[in-house]
Each structure stands twice: as structure tokens, then as C-alpha cells.
Amino acid sequence: MGGLRLAYYDLSPELLQGFRAVNQGLEKSPLGLPLIELIYLRISQINGCSFCLNKHTQSLLQAQETERRLAELAGWRVSSQFSSREKVALEWAEALTHVVTTHADDYAYLPLKAHFTDQEISDLTFSIALMNGMNRLAIGMRQ
């Protein structure tokens, strides 16, 4: 079976609006859109969402993100291209994306406190939850 399975955006517009509302709230977050988009891209790499990979790569390129950082994102742990702040955010994103095995343990959570306010940690967690949900919709419905 190829192509879109169901036009979920037409079938469930009120539910999708909830996702959009979270996204609109995140646009005002003190985290800043470049970090949020970086998190979105990493989560989409893990989940294998080709639609989201393209969307967030294009958003980052338009925001003047470097091609080198995009190329090294999958290997962020060993890359010198990412700040400590970005690395703890990426660790948290991966821990929540792989929550079945990580259980969002303290090794991933506690370092956030040195780089982010409580509101920023909350916003970061919402951004991770949102992208994982959006990836599952896009992948499940073959967007």
C-alpha cells in the first residue's frame, strides 16, 4: 500500500488543532525556535519520519543553521558543533523518545537544571512530546 492511508488532518481537525496550539505556544517559548527545530529534527531522525526530516531541515536552513551541524546532528555526542546546552536538550529528547528503555532516568533529566529554567524544561518536554506525536501521525498515516 503506497501513499497516504488516511487524511487525518481532514478527518480529525479538532484533534490536530490541539497539536497546532501546542506548536503555537512553543513559538513563544524562551527556548527559541532554533533549538526547538533542532530537537524536532533529531527526534524525526530517530523515528524515521521522512516528511518531518525534510520539513525541519528546511526550517533550520532558512534560519541560517549550518550544513555541518545538520550533517553531524545524528552524532551530536561526539561532535564539537553543539553547545553543552544543546547537548543536554538532545539527551533529554532522546531519553523521552526512547522512554521504553530509558524510563526518562535522572542521568538525562538532572543536567537540564544547569542550563534551563523550570519553564524551559517544561517547554522542552512539551516540544519533545509534540514531535513524537506528530511523527507517529505522519508515519502511521504515511504522510
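The values are calculated or read from the model by the stated rules, or taken from the named source; none is laboratory data. None of the values given here were measured: they were computed from a predicted structure. For neighbour counting, all protein chains shown are included, and Cβ atoms are generated from backbone atoms with ideal geometry for every residue, glycine included. Surface areas here come from the heavy atoms of the whole protein model, side chains and all, with no ligands, DNA or RNA. Shrake-Rupley method; radii C 1.70, N 1.55, O 1.52, S 1.80 Å.
Of interest is the spacing of the C-alpha centroids, which for segment 1-55 and segment 70-143 amounts to 14 Å. Computed about the Cα centre, the dipole magnitude for the chain is approximately 340 debye when only Lys and Arg (+1) and Asp and Glu (-1) carry charge, each at its Cβ. With helices as the sole contributors, the chain gives -20500 deg cm²/dmol at 222 nm; each DSSP H run of n ≥ 4 counts as -39500 (n - 2.57), and the sum is divided by every residue. What the Cα convex hull of the chain gives, in volume per residue, is 124 Å³. Where in segment 13-57 is the amide nitrogen less than 17 Å from a point lying 7 Å along the Cα-to-Cβ axis of Ser83? What the label zone holds, given the 17 Å backbone N cut-off, is 29-40. For the pair Met141 and Arg69, label points projected 7 Å from Cα toward Cβ lie 3.1 nm apart.
Label separation (Leu15 vs His115): 3.4 nm, computed from points 7 Å beyond Cα along the C-beta direction. Going by accessible surface with a 1.4 Å probe and the largest first, Thr125, Thr102 read Thr125, Thr102. Rg ratio for segment 4-51: its Cα radius of gyration over 2.2 N^0.38 Å, N being its residue count, equals 1.36. Listed peptides 14-24, 56-66 appear in the order 56-66, 14-24 once ranked by packing, highest mean of other Cβ atoms within 10 Å at the front.
In this structure segment 18-143 gives 51 Å² per residue of accessible area when probed at 1.4 Å with all protein chains present. Axis angle, to the nearest 10 degrees, between helix 118-140 and the longest C-alpha principal axis of the chain: 40 degrees. In this view, the solvent-accessible surface of Tyr107, computed with a 1.4 Å probe and all protein chains in place, comes to about 120 Å².
Helix 33-47 versus the longest principal axis of the chain: what angle, 0 to 90°, nearest 10, using Cα atoms? Once rounded, the angle reads 70 degrees. As a calculated quantity, the FRET efficiency between His98 and Ser50 at R0 = 22 Å, using C-beta atoms, amounts to about 0.65. Each residue, Asp105 and Arg5, gets one label point 7 Å from its Cα in the Cβ direction; the gap between the two is 3.2 nm. Could you work out how far helix 13-27 tilts from the main Cα principal axis of the chain, as a 0 to 90 degree angle to the nearest 10? With rounding to tens, the tilt is 20 degrees.
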